[in-house]
């Protein structure tokens, strides 16, 4: 899993070559406008999704939409970077049991209220016991706290050290967009639905986003960008749809193989014919027998 995390780390840092906006010296003067636009778009979509009676899980819609926009604009703060890291990990079919985004809220060394997101892999212990996070892999691509780290028994860890002492005081640690691996086909379908909903908002609420750009005086050419973003979303939808179909076919093959299993009394039911009255096939519904700090608030 550590090798996969290292690979994803490189993928994310390569794709987000313009880096973050909330660092001392951004790599590109357009990064601030691009990151602000990404956040405004996601906030708009989440608000509409919350009022939709058929709304999707907000954290899943947020991380998937953020990952797509961050990759397109080649930049993002820790939230967008963690979203892309989680997305790429899911696409790589990481050899892990669980993967999630961890959000930490608290006060930085200069007493500013802030939060930080990163990816954690294979956590099995409660979030309020960081000293028990043995064997867990931390994947953090945001420049000030950047690391790929596997926690082991040789060192005691806490959230201060995991964030390179970015925080002076931590008030809250929570888990977002948690996935148990391997993914089920229903989760492939859910990811595709999130992409489809994202595409819908971008296409049919385009004027709202253009208005936002004008009001905020952002240096974004959304008219030019939109067809390319839509094209990327459709490509991602096709990827996840293929995964859905592959898993469905695999499950269908498993069902076919189950039908070929030896019946405990009748033997191989596939050899049973109408000319063998003593060995009539079992009814269709017959199933073959299978050989830190207690003052802090933490969310599971």
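The values are calculated or read from the model by the stated rules, or taken from the named source; none is laboratory data. Everything numeric here is computed off the predicted structure, so don't read it as measured data. Glycine also receives a Cβ, built like all others from the backbone with ideal geometry; neighbour counts cover every protein chain displayed.
Structure values in brief
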quantity	calculated
Criterion: buried (at least 19 other Cβ atoms within 10 Å of the Cβ), modelled with pLDDT of 90 or more, over 30 Å from residue 54 (Cα atoms) and touching a strand residue (DSSP E or B) at 6+ places or on another chain (Cβ under 8 Å) - qualifying residue of 167, 118	167
Condition broken by residue 199, with the remaining ones in (1) modelled with pLDDT of 95 or more; (2) under 22 Å from residue 64 (Cα atoms); (3) exposed (fewer than 13 other Cβ atoms within 10 Å of the Cβ) satisfied	(3)
Test for residue 224: is it within 25 Å of residue 40 (Cβ to Cβ), buried (at least 16 other Cβ atoms within 10 Å of the Cβ) and out of contact with any helix residue (DSSP H, G or I) (no Cβ under 8 Å at 6 or more places or on another chain)	no
